[in-house]
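J.: What follows is a single structure, and I will ask about it in a moment.
The values are calculated or read from the model by the stated rules, or taken from the named source; none is laboratory data. This structure is a prediction, so every number in the text was calculated from the model and none was measured. Cβ atoms come from the backbone with ideal geometry, glycine included; neighbour counts cover every protein chain shown.
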Amino acid sequence: MTTNPIMRVIARVNMPLMVVFAVYVQVHGEIGPGGGFQAGVIFAAAFILYGMVFGGAEMRRVFPRWISDAGSALGVLIYAGTGVYSMLMGYPFLDHVAIWPSNPGGAEPWGMVSVEWGVGITVACVMMTIFNEITEGTDDPPPGADTEMVPALHQNKTELG
Amino acid sequence: MELIQLHLPALIVVLPLVTGLLTALLGRGGRGWWISLGATGAVLAATLQLLAQVVYQGPQTVTYLMGNWPMPYGIGYVVDPLNAAVMATVALIGFVVTLYAGRSMAPEISPDRARYFWAVWQFCLVGLLGITITGDAFNFYVLLEISSLSTYTLIAMGHGRDRRALTAAIHYLVLGTIGACCYLVGIAYLYMVTGSLNFADIHARLADIYATWATDAPVYKKTIIAGFAFIMVGLSLKLALFPLHVWQPNAYTYAPAAVSALLAGTATKVGAYGMIRIVYSVMGTDFAFTFLRSDILLAACALMAILVGSLQAIKQTNAKKLLAYSSVGQIGYIALGIAANNVAGLQAAVIHIFNHALTKGAMFMALGCVLYRTGGVRLEHLRGLGRKMPLTCAAFLVGGMGLIGVPLTSGFVSKWYLVQSALERQWLAPAGVVLVGSILALVYVGRCAEAMYFGQRPENSPEVREAPLSMLVPTLLLAAASLYFGIDSGTTSRVSEAAAKFLLGVAP
Amino acid sequence: MTMRLVLDYYNYWVCIILMMVGFYGVMAKTNLVKKAIALGLFQTGILVFYITIGKVEGGTGPVTISGAPADAVYSNPLPHALMLTAIVVGVSTLAVAMALAVKIREKYGTIDDHDIHRLEHEMPD
């Protein structure tokens, strides 16, 4: 967390632009440079930048922990679900033709779009989960305190019970 | 039913992946365990079905194209007698240990984190099963890393009991990543030469290159040798073969009991499978063993592993560490079988992969029962347990006899084949070392057995009773299986013979 | 001769230097976080290695453009796709290493390998 006004203003201005750019990279993925990995990282970077400037707790208020936790599983599930759907229709795993059997050429992009959205969601959520895991309990130290990880120690003891 | 039959090879990997994700989403409370149990049970059934198909019914290979991309271009899953056997081993151990872990892991994980534990548990199996089934070199690497990353986390779960689990995990992480990277560099070299990542395709293209060496100046020789060396070093790290075994004892010792049993039964075995696959069906033994003579080096490492592992095991005072060092030695037997380059040697390797998974799994699970009741696994904790926990100690003893290779236990069968193959190669000293290894095993198993049956419970130690049924049943199950496959060796030798002859190209 | 060996294959030298710097760091640094960073460097060397073997001399980007000559040479896109996956693996490894380092800091109060070793040496087996 920082109290530097320049950082706070830049983070606040940049964050929505980064989110929009992430969505652009995501939807542009199957016809040009871009795709789920890149979009997910850019999306997560927007929130992590926000979290680094305003503190992890503030970030978790904006993007709640349960969404990023569930999203990291849900995204891969979308990916795997695309494949399992093909399997249920009697095609090999991840054979996108199953989505639109009468038009194989048209089915391929739709399969890719589904897979890329799954990847994008997972990468974004996993990045934020990593940030949350490492910062949770360590953020927002009282002003003037050094960055010792003492709160984490106490929190973890209770967790182990 | 037909649909399931069609997708069987893919289901083995996809099913635990999907259920693992569902566990992470929905597996609150005890549900995670039930989902894992169902998934591992289904995978076990699928692998047994595939094993029966490739060994008994034929044809010998089953191919599954991911996304319907034809094979050198896309990822293909190829089942043959060798990986069907290893897969069945992994799935069997996975299922039995999952059964056991429900009770054994309960004190180690906080209830709100349980679903992530079970998700990681299933991802570990996804990685291990995927490594065995995949026919693609890069897919192998990715699945290797999936299983390794889950393994690091699972080992670190032991930190509630002993904080050294964390350092064991991070040391394994550093070495395991270097090993995986070495594998990746090796694949890059082979890709430079062949332009292919499919195991079968690399093999065919390498064979063309070797054929030109007979007449012309050898081309790409240095590149292929470098690639082979990198891959072998990388896999040896995963396999915990002798000089590269340093990560293994601490990782097994400080991991939770169920995790130790899972790793000892599956992770290093899959590494051994990878080595067989690379040597026999990618590089070809003519290049690897006859041309490079790397069988001498591999055999030397294996013999050192047997001696050093067993000697180190003798001087341990922590029973879990003792078993971990014993695993280093047992891996040596498998590597010796691989180096022997004949049918009996490969049979010994495949049978020992299976038998050692059973015996070590049973022993680690028995120690888990001891840990659950007494709170420690040092030799003084074992003292006098023979009367207090008779069934647990019996399971431990049966496993121990398997390690020694007493006739009528499964260990005897694999050592029989191993000595036979060594004599076939006229390797007298290695055959002798195998026997010396058995004597050393007698010493370290004897130390535990002596403490259990002839030691006295320490003064003012709390009263202990037999382990809970939900932990005891899986332990006894594996011990009984180890006895059964020692008495009736027909199944294991039939399967291993099919695998060995398939790899060496001998008509069955 | 030596000069040519360096200049003609400079891309390979970059990989070798990156990998060896990383490898040195993994072995010589005692701080666990620095070890993890060095591991990342080691992996980056391999990424560069794969990218460099995918380059075809005179090849252009592997994207079909209307009006391109029929005999156009394209670079091999496969290593790039592989390395995308390897990058993800590398990030995951780094994340697990960092999470472990945080836990070790909580439990031992240090992330220095020597100090940890000394602390562990005093513990019973």
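J.: Taking the stretch B:16-29, which residues are more than 9 Å from every other protein chain (Cβ to nearest Cβ) and surrounded by 14 or more Cβ atoms within 10 Å (Cβ to Cβ)?
T.: Once the filter is applied, which keeps residues that are more than 9 Å from every other protein chain (Cβ to nearest Cβ) and surrounded by 14 or more Cβ atoms within 10 Å (Cβ to Cβ), the stretch B:16-29 yields B:Pro16, B:Thr19, B:Gly27.
J.: Could you pull out the residue among B:Val406, B:Val370, B:Val398 that is under 23 Å from the mean Cα position of the chain (by Cα) and crowded, with 21+ Cβ neighbours inside 10 Å?
T.: On the way: B:Val406 fails: crowded, with 21+ Cβ neighbours inside 10 Å; B:Val370 fails: under 23 Å from the mean Cα position of the chain (by Cα).
Of B:Val406, B:Val370, B:Val398, the one residue that is under 23 Å from the mean Cα position of the chain (by Cα) and crowded, with 21+ Cβ neighbours inside 10 Å is B:Val398.
J.: Of all the residues that make up the stretch B:128-146, how many are among the polar types (S, T, N, Q), away from chain C (no Cβ under 12 Å) and in a helix (DSSP H, G or I)?
T.: First pass over the stretch B:128-146, keeping only residues among the polar types (S, T, N, Q): B:132, B:134, B:139.
Remaining after also requiring away from chain C (no Cβ under 12 Å): B:132, B:134.
Pick out the ones that are also in a helix (DSSP H, G or I) and you get B:132.
The qualifying residues number 1.
J.: Kindly list the number of the only condition in (1) in a helix (DSSP H, G or I); (2) at pLDDT below 90; (3) more than 11 Å from the chain's Cα centre (by Cα); (4) facing chain B (nearest Cβ under 10 Å) that fails for A:Leu94.
T.: (1)
J.: I would also like to ask the following. Which members of the stretch B:451-476 meet the condition of being surrounded by 14 or more Cβ atoms within 10 Å (Cβ to Cβ), of a type outside the set (Phe, Trp, Tyr) and part of a helix (DSSP H, G or I)?
T.: Passing the criteria: B:Ala451, B:Met452, B:Ser470, B:Met471, B:Leu472, B:Val473, B:Pro474, B:Thr475, B:Leu476.
J.: Looking only at the stretch B:166-174, decide whether some residue is away from chain C (no Cβ under 11 Å), of a type in the set (Gly, Ala, Ser) and assigned to a helix (DSSP H, G or I).
T.: No, the stretch B:166-174 has no match at all.
J.: Separate question: Among the listed residues B:Thr194, B:Thr177, identify the single one that is buried (at least 20 other Cβ atoms within 10 Å of the Cβ), more than 20 Å from B:Val86 (Cα to Cα), polar (S, T, N, Q) and within 9 Å of chain C (Cβ to nearest Cβ).
T.: On inspection, the qualifying residue turns out to be B:Thr177.
J.: Let me ask something else about it. Considering only the stretch B:203-281, give the helices (runs of 4 or more DSSP H) lying wholly within it that have at least 3 residues that are of a type in the set (A, V, I, L, M, F, W, C).
T.: In the stretch B:203-281, the matching helices (runs of 4 or more DSSP H) lie at B:221-239, B:257-262, B:268-276.
J.: Considering only the stretch B:415-427, state which residues are buried (at least 24 other Cβ atoms within 10 Å of the Cβ) and either over 20 Å from the mean Cα position of the chain (by Cα) or part of a loop (DSSP other than H, G, I, E, B) (or both).
T.: Listed by number, the residues that qualify are B:Ser421, B:Ala422.
J.: If you go through the stretch A:102-161, how many residues are out of contact with any helix residue (DSSP H, G or I) (no Cβ under 8 Å at 6 or more places or on another chain), charged (D, E, K, R) and at pLDDT 70 or above?
T.: Residues meeting the conditions: 0.
J.: A follow-up question, please. Take the stretch C:108-117 and flag every residue that is more than 7 Å from every other protein chain (Cβ to nearest Cβ), within 23 Å of A:Glu133 (Cα to Cα) and free of Cβ contacts under 8 Å to residues at least 60 places away in the same chain.
T.: C:Gly109, C:Thr110
J.: Give me the pairs: first residue in the stretch C:23-44 and within 11 Å of chain B (Cβ to nearest Cβ), second residue part of a loop (DSSP other than H, G, I, E, B) and surrounded by fewer than 18 Cβ atoms within 10 Å (Cβ to Cβ), beta-carbon distance under 8 Å, and six or more apart or on different chains, which are they?
T.: C:Lys35/C:Lys29; C:Ala38/C:Lys29
For every residue, the table says whether it meets (1) surrounded by fewer than 19 Cβ atoms within 10 Å (Cβ to Cβ); (2) farther than 24 Å from B:Val377 by Cβ.
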{"residue": "B:Ala429", "(1), (2)": "yes, yes"}
{"residue": "B:Gly437", "(1), (2)": "no, no"}
{"residue": "B:Leu440", "(1), (2)": "no, no"}
{"residue": "B:Cys448", "(1), (2)": "no, no"}
{"residue": "B:Phe485", "(1), (2)": "no, yes"}
{"residue": "B:Thr491", "(1), (2)": "yes, yes"}
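J.: Only residues in the stretch C:87-107 that are on the phi > 0 side of the Ramachandran plot count as the first member; pair them with residues that are at pLDDT 90 or above, Cβ under 6 angstrom, at least 6 apart or cross-chain, and list the lot.
T.: none
J.: Sticking with this one: Tally time: how many residues in the stretch C:60-82 are more than 10 Å from chain B (Cβ to nearest Cβ) and either in contact (Cβ under 8 Å) with a residue 12 or more places away in the chain or within 27 Å of C:Leu41 (Cα to Cα) (or both)?
T.: Initially, the stretch C:60-82 is screened for residues more than 10 Å from chain B (Cβ to nearest Cβ), giving C:60-75, C:77, C:80.
This time we only want the ones that are either in contact (Cβ under 8 Å) with a residue 12 or more places away in the chain or within 27 Å of C:Leu41 (Cα to Cα) (or both), so: C:60-62, C:72-75, C:77, C:80.
Residues in the stretch C:60-82 being more than 10 Å from chain B (Cβ to nearest Cβ) and either in contact (Cβ under 8 Å) with a residue 12 or more places away in the chain or within 27 Å of C:Leu41 (Cα to Cα) (or both): 9 in total.
J.: Give the residue, chosen from B:Ala302, B:Ala319, B:Ala335, B:Ala339, that is among the small types (Gly, Ala, Ser) and either touching a Ser or Thr at 6+ places or on another chain (Cβ under 8 Å) or without any contact (Cβ under 8 Å) to a residue 60 or more places away in the chain (or both). Write out each step before concluding.
T.: Working: B:Ala302 fails: either touching a Ser or Thr at 6+ places or on another chain (Cβ under 8 Å) or without any contact (Cβ under 8 Å) to a residue 60 or more places away in the chain (or both); B:Ala319 fails: either touching a Ser or Thr at 6+ places or on another chain (Cβ under 8 Å) or without any contact (Cβ under 8 Å) to a residue 60 or more places away in the chain (or both); B:Ala335 fails: either touching a Ser or Thr at 6+ places or on another chain (Cβ under 8 Å) or without any contact (Cβ under 8 Å) to a residue 60 or more places away in the chain (or both).
Step by step, each of B:Ala302, B:Ala319, B:Ala335, B:Ala339 is checked, and only B:Ala339 is among the small types (Gly, Ala, Ser) and either touching a Ser or Thr at 6+ places or on another chain (Cβ under 8 Å) or without any contact (Cβ under 8 Å) to a residue 60 or more places away in the chain (or both).
For every residue, the table says whether it meets (1) surrounded by fewer than 17 Cβ atoms within 10 Å (Cβ to Cβ); (2) more than 26 Å from the chain's Cα centre (by Cα).
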residue	(1), (2)
C:Ala70	yes, yes
C:Pro77	yes, no
C:Ala81	yes, no
C:Leu84	yes, no
C:Thr93	no, no
C:Ala101	no, no
C:Glu106	no, yes
C:Ile111	no, no
